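Scroll down for the structure; my scribbles are underneath it.
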Amino acid sequence: MRICGVEIKGTEAIISILDYREGLFTVPECRARKVEFSKRNRTSDLAYFQSSFGKLMVDYKVERVVIKERPLAGKFSGGGLGFKMEAAIQLLDGIEVQTMSAQVLKASLKRNPVFVAFSETGLKVFQEQAFNVAFASHMNDEYPPELHDNKLDTKAK
């Protein structure tokens, strides 16, 4: 399955595409590392962002997009534009879109640590969170958290 991890920061949707087939991960070459939203904030800009993002996902045969959730309030809360971008991605036709909370991401990476140094992936440093989201999503499919939690509960008894 090919998953695109997304981290929304400011006016950018930072992406990392990760493919997992037959127990092997690959990071396919991609013409974009991020999809930018115009700062003019017009309705046509949102449609253009959605179209550009959707075209990229179709071109690279992405089956699922997983967006790292941002807090609604507090110091690290997301801005209005970021939530518009997230909604535009979620409304794409023909592509499964999910969100992943920071807690689920952290728990998944703790259960299934990344087994290769990030520097060896060929991605840019700013793509690390998007990569981690895609990796955690793959690992949650392969090793569902409920099964892992049940095993822990059984050992504790």
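Residues that are assigned to a helix (DSSP H, G or I), without any contact (Cβ under 8 Å) to a residue 40 or more places away in the chain and among the hydrophobic types (A, V, I, L, M, F, W, C) within segment 102-135 comprise ALA102, LEU105, ALA107, LEU109, PHE118, VAL125, listed in sequence order.
Here's the yes/no breakdown for (1) modelled with pLDDT of 95 or more; (2) surrounded by 11 or more Cβ atoms within 10 Å (Cβ to Cβ); (3) in contact with a helix residue (DSSP H, G or I) (Cβ under 7 Å, 6 or more places away or on another chain):
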position	(1), (2), (3)
ASP45	no, yes, no
ASP59	yes, yes, no
VAL66	yes, yes, yes
ARG70	no, yes, yes
GLY82	no, yes, no
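Residues in segment 70-87 that are under 15 Å from ILE15 (Cα atoms) and not acidic (Asp, Glu): GLY82, MET85. Among all residues of segment 37-55, there is at least one that is out of contact with any Gly (no Cβ under 7 Å at 6 or more places or on another chain), at positive phi and touching a residue at least 40 places away in the same chain (Cβ under 8 Å).
The values are calculated or read from the model by the stated rules, or taken from the named source; none is laboratory data. Keep in mind that this is a model prediction, so the values were computed, not measured. Cβ atoms come from the backbone with ideal geometry, glycine included; neighbour counts cover every protein chain shown.
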